[in-house]
Amino acid sequence: MLPVAPEQNFVGLPGDVLHEAAANIWNSMLELEIERDDGLPIIPPDGERLLAGRVTIDGSWQGCVLLVCPKAVARKAAAAMFEIPPSAITDTELRDTVGELTHMLGSNLKSLLPSPSLVSLPDVTEHYNIAVAGRLAGRVLLRCEGQILQISLFEQE
């Protein structure tokens, strides 16, 4: 069987680009170190909860950005954003933080994709309970505070 040629209009972003977009936010805004981790996808330890944030990008390029983040990392990020102790962070603040980080990531990545396009408001859920459609256009695993995060980019087919 002959290999199928890649679609001419397909746009993907390498993991290094996704890492750089996240590192710029984590380092400058949260003052947290984030590094690439090419290990296994996120499998949370028993009892560890995850939050997943998604924004859609609509316009010349259509798809979505998905951030999957352990609550422990979200709590540390929320403490930095709201300038309060991690123990005082509420579930609402955790969700707001993951939503804001996802929106910032989506906005940064949107600038690298065909324009014009718009970024939606974020959806945030527990675990992986966010529907994504399309083909994978980029994925990277990152490590922050000893925990694994995942950023994925999906292009609508």
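Numbers below:
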{"item": "Among the candidates 72, 52, residue that is part of a strand (DSSP E or B) and farther than 18 Å from residue 24 by Cα", "result": "52"}
{"item": "Cross-chain or 6+ apart pairs with Cβ under 9 Å, region 66-93 first and within 24 Å of residue 106 (Cα to Cα), then in a loop (DSSP other than H, G, I, E, B) and hydroxyl-bearing (Ser, Thr, Tyr)", "result": "66/128; 68/128; 78/90"}
{"item": "Exclusive hit being modelled with pLDDT of 90 or more, surrounded by fewer than 18 Cβ atoms within 10 Å (Cβ to Cβ), outside any strand (DSSP E or B) and among the aliphatic types (A, V, I, L, M), set 136, 112, 105, 118", "result": "112"}
{"item": "Residues within region 61-91 that are over 14 Å from residue 154 (Cα atoms), in contact with a strand residue (DSSP E or B) (Cβ under 9 Å, 6 or more places away or on another chain) and of a type in the set (Gly, Ala, Ser), tallied", "result": "3"}
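The values are calculated or read from the model by the stated rules, or taken from the named source; none is laboratory data. None of these values were measured; they are calculated from a predicted model. Neighbour counts are summed over all protein chains in view; Cβ atoms, including those assigned to glycine, are modelled from backbone coordinates with ideal geometry.
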